[in-house]
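Written out below as structure tokens is the structure these notes cover.
The values are calculated or read from the model by the stated rules, or taken from the named source; none is laboratory data. Model, not experiment: these values are computed from the prediction. Every residue, glycine as well, gets a Cβ built from its backbone with ideal geometry; the counts of neighbours run over all protein chains shown. Heavy atoms of the whole protein, side chains included, go into the accessibility calculation; ligands, DNA and RNA do not. Shrake-Rupley method; radii C 1.70, N 1.55, O 1.52, S 1.80 Å.
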Amino acid sequence: MVRPVAIQCLFFTLLCMLALCNAQSDSGTPAIQLRLVGEKRKHYEGRVEVFYNGEWGTVCDDDFSIYAAQVVCRELGFVGAESWLPSAKYGKGDGRIWLDNVHCTGGEKSLAQCESNGFGVSDCKHSEDVGVVCNQKRIPGFKFIRNQANSEEGLTVQVEDVRIRATYSHRKRIPITEGFLEVKDGGKWRQICNEEWTEMNSRVICGMYGFPGEKRFNTRPYKLLSNRRKKNYWGFSVNCTGNEANLSDCKLGGEVELKGNNTCGQGMPVVISCVPGRAFAPSVSVGFRKAYRVEQPLVRLRGGAMIGEGRVEVLKNGEWGTVCDDNWNIRAATVVCRELGFGSAKEALTGARLGQGIGPVHMNEVECSGFEKSLTECHFNRDSLGCSHEEDAAVRCNVPAMGFHNRLRLSGGRNPYEGRVEVLAEKNGSLVWGAVCSESWGTMEAMVVCRQLGLGFASHAFQETWYWEGDSSSNSVVMSGVRCSGTELTLDQCLHHGKHIDCPKGGGRFSAGVSCTQTAPDLVLSAEVVEQTTYLEDRPMYALQCAAEENCLSSSADKADSSSYRRLLRFSSRIHNNGQSDFRPRAAHHSWIWHECHRHYHSMEVFTHYDLLSLNGTKVAEGHKASFCLEDTHCDEGIQKRYECANFGSQGITVGCWDTYRHDIDCQWIDITDVKPGDYIFQVVINPNYEVAESDYTNNIMKCRSRYDGQRIWTYNCRTGGTMSSETEEPFPGLLTNQLSHR
């Protein structure tokens, strides 16, 4: 009996020793601190840097994995990692390379617990510094352990959340522009002592909340209020330079001794007061605002679905052009956002992520300090050699929380991106959900709905929604006669009937519906090709029978003798899809119309309008082109053709491809037989009825100057809409006063 007892004792001794070893290895894990730095395009990404032994250093990319990225991001308080990037993609660090050959399982609490060569043991160069992209969501209730000397240079502010808490008198204001600043750490909201607070810190907070700048405020009421409240201060001060896009990029200041209400000495909790941009300002002075002529902006955003996002375009010598993404970072993006009346940048986008522009590339290798009033004041390389539109830079800006999405919902769809449109309206003194009348409901209205809900672009507008089982209590129509221009932020900003609803078909199955998508096509007509290919042809009526059947001649041709001639203004049009998704006709295959004469299907009733206008914008002759065949004629290098009309094939235009209608095919003309000699404006419009949603409609219109002497025609100064400054475009009245209004 002695031996088994001895073995048992030995076994327990070993177990105890093992447990002790484990405890020691856990507690013996070196205390480290992490941060994300470098040439960033989002605040939740960057080069991984480790603070160890009183010194910041980097991590080598050898053997690094997504599991190691997960550990890094969770240690920084994010829910996880999206990806990781090798080879110093965020720029080279300096100093020590602390970790090399890092192996993590993904379950470690700290990067220091992962297997590696050991701290400071590395055969790497800084060209191998690793970076990560974290998921921007924070871990709820996360408590940041700041186990290093906080006075150390370079420790960034890490908190779970930040908010501006308005006082009761300001709470109903939208947007909230003023209130006490609170940070959430370890699941608890805390105030910050204002003794070391600066205007630069306020500027960063305002930027995060969608406001371009901070302003002074009356401290007296806040002081009285804070004296009556129990305070719960955060234990640190904050040091921002003012050009950070987010508080998490600011440095952590000194530690504050927490002693109840005496923590802040002579100070009080920080109060933030911000200036909203023009689009979000409370609309008190509308009458005055109209009295001032708005200056021509030098920078604009194009091609974005949401307000505050888009491809960056700058005006130079009267012509709009794009910005090359070389060195494009969040600091430059923030200058753009603030200049346009938004807050700081959420993201600096590269690689034409929000579609390709047209025209010149005006700026390259942009470098901003962050305090410039305009992107045009930043340093940049004037030679954008080798930069194509595939490298167009874009931004996503922080915009104020307006609560727009709470006043609208989609009901009954198969996914969150589609459904019957229901709005919150006042009825008999209370708020109720109701349907929208589908009469005259179209793409423009659907675009506004998708934007208001933050769901991107519209892919379809529906006038019947019987197949979507919505909430029957919301069947009654509460909004009718809706007409949108497409620029509105909410559906109720569009024109619509007042209290007297007029909807003959009623709601229910005839309610308005939408489906939304994150990407959209963008068709652009080549003005150059039109200008180079214009000519006149006199063609006998007997050779125009098909064209007459398809209404491609002017009305006087109906009575013309078969031996007479028609004078045709002929030209080629080349239409490129610059967007992010294919251009597809809205009508399904089964509803396309077969035209026996030309032996092809029409997939869109009207695809383009061709017009000759007098100099004051009056139409003197017109042509129209049914989409007799949408197909990929040519594609950019490396892009496969997907659409062709032969054999009842799929119709459309692939991203990066163009559809060319040659000058010598039927209906590719304007019948000018009855036009007198003189000076005119020649206009071409693609997708004129907005039948298919696009990310940018301004470039669907092209205008040229034309001089006709009765025998010859000259076409010159052809320009695509939106490519020149408004001053330059004023001689073309149609671009400003004769915008397409027919639907």
| How many residues are under 23 Å from Lys703 (Cα atoms) and open to solvent by 80 Å² or more (accessible area, probe 1.4 Å) if we restrict to the stretch 637-663? | 1
| said: Within the stretch 54-82, take every residue that is over 18 Å from Cys104 (Cα atoms) and touching a Gly at 6+ places or on another chain (Cβ under 8 Å) and give me the one that is surrounded by the fewest Cβ atoms within 10 Å (Cβ to Cβ). | reply: Glu55
| request: Could you give me the residue pairs with C-beta distances under 7 Å whose first residue belongs to the stretch 17-46 and is modelled with pLDDT of 65 or more, whose second residue is open to solvent by 30 Å² or more (accessible area, probe 1.4 Å) and acidic (Asp, Glu) wherever it lies, and which are 6+ apart or on separate chains? | output: Leu34/Glu75; His43/Asp249
| Do any strands (runs of 3 or more DSSP E) lying entirely in the stretch 496-586 carry at least 1 residues that are basic (Lys, Arg) and either touching a residue at least 40 places away in the same chain (Cβ under 8 Å) or not assigned by the TED database to the domain that holds Gln452 (or both), and which ones are they? | 535-540, 565-570, 573-577
| Residue among Tyr168, Tyr209 that alone is under 27 Å from Pro140 (Cα atoms), free of Cβ contacts under 8 Å to residues at least 12 places away in the same chain, not assigned by the TED database to the domain that holds Ser344 and not polar (S, T, N, Q) | Tyr168
| query | Which of the residues belonging to the stretch 289-316 are among the aliphatic types (A, V, I, L, M) and either surrounded by 23 or more Cβ atoms within 10 Å (Cβ to Cβ) or at pLDDT 90 or above (or both)? | reply | Leu298, Val299, Leu301, Ala305, Met306, Ile307, Val312, Val314, Leu315
| field | Glu45 vs. criteria crowded, with 22+ Cβ neighbours inside 10 Å and acidic (Asp, Glu) | value | yes
| message | I'd like to verify a number: residues in the stretch 454-465 that are open to solvent by 40 Å² or more (accessible area, probe 1.4 Å), touching a strand residue (DSSP E or B) at 6+ places or on another chain (Cβ under 9 Å) and assigned to a loop (DSSP other than H, G, I, E, B), how many? | response | 2
| query | What is the one condition in (1) closer than 25 Å to Thr723 by Cα; (2) under 22 Å from the mean Cα position of the chain (by Cα); (3) crowded, with 16+ Cβ neighbours inside 10 Å that Ser485 does not satisfy? | reply | (3)
| request: Test Gln532 against the criterion of being within 30 Å of Trp466 (Cβ to Cβ) and either touching a Cys at 6+ places or on another chain (Cβ under 6 Å) or open to solvent by 40 Å² or more (accessible area, probe 1.4 Å) (or both), and give yes or no. | output: no
| task | Name the one entry in Lys703, Lys641 that is touching a helix residue (DSSP H, G or I) at 6+ places or on another chain (Cβ under 8 Å) and either without any contact (Cβ under 8 Å) to a residue 40 or more places away in the chain or closer than 18 Å to Met604 by Cα (or both). | result | Lys703
| field | Those strands (runs of 3 or more DSSP E) lying entirely in the stretch 374-439 with at least 2 residues buried (at least 23 other Cβ atoms within 10 Å of the Cβ) | value | 394-397, 418-427, 430-436
| remark: Gly508 fails exactly one of (1) touching a Ser or Thr at 6+ places or on another chain (Cβ under 7 Å); (2) among the small types (Gly, Ala, Ser); (3) at positive phi, namely (1)
| Given the structure, is Ser603 of a type in the set (Gly, Ala, Ser), modelled with pLDDT under 85 and within 25 Å of Thr698 (Cβ to Cβ)? | yes
| task | State whether the residues of the stretch 140-156 include one that is assigned to a loop (DSSP other than H, G, I, E, B), open to solvent by less than 20 Å² (accessible area, probe 1.4 Å) and in the same structural domain as Val71 (by the TED database). | result | no
| message | Being at pLDDT below 95, farther than 24 Å from Met208 by Cβ and not assigned by the TED database to the domain that holds Lys42 is true for just one of Ser369, Ser384. Which residue is that? | response | Ser384
| request: May I ask you to list the residues in the stretch 416-468 that are among the basic types (Lys, Arg) and farther than 18 Å from Gly403 by Cα? | output: Arg420, Lys427
| Of everything in the stretch 535-571 that's of a type in the set (S, T, N, Q) and in contact with a helix residue (DSSP H, G or I) (Cβ under 9 Å, 6 or more places away or on another chain), which residue is surrounded by the fewest Cβ atoms within 10 Å (Cβ to Cβ)? | Ser563
| task | Please enumerate the residues belonging to the stretch 118-130 that are surrounded by fewer than 16 Cβ atoms within 10 Å (Cβ to Cβ) and assigned to a loop (DSSP other than H, G, I, E, B). | result | Gly118, Gly120, Val121, Asp123, Lys125
| field | Residue count, the stretch 317-359 (criterion: under 23 Å from Met702 (Cα atoms) and open to solvent by 40 Å² or more (accessible area, probe 1.4 Å)) | value | 5
| message | Tally up the residues in the stretch 540-586 that are within 30 Å of Asp392 (Cβ to Cβ) and either more than 48 Å from the chain's Cα centre (by Cα) or not aliphatic (A, V, I, L, M) (or both), please. | response | 15
| request: Might you let me know whether the stretch 106-114 holds any residue that is among the acidic types (Asp, Glu), touching a residue at least 24 places away in the same chain (Cβ under 8 Å) and open to solvent by less than 20 Å² (accessible area, probe 1.4 Å)? | output: no
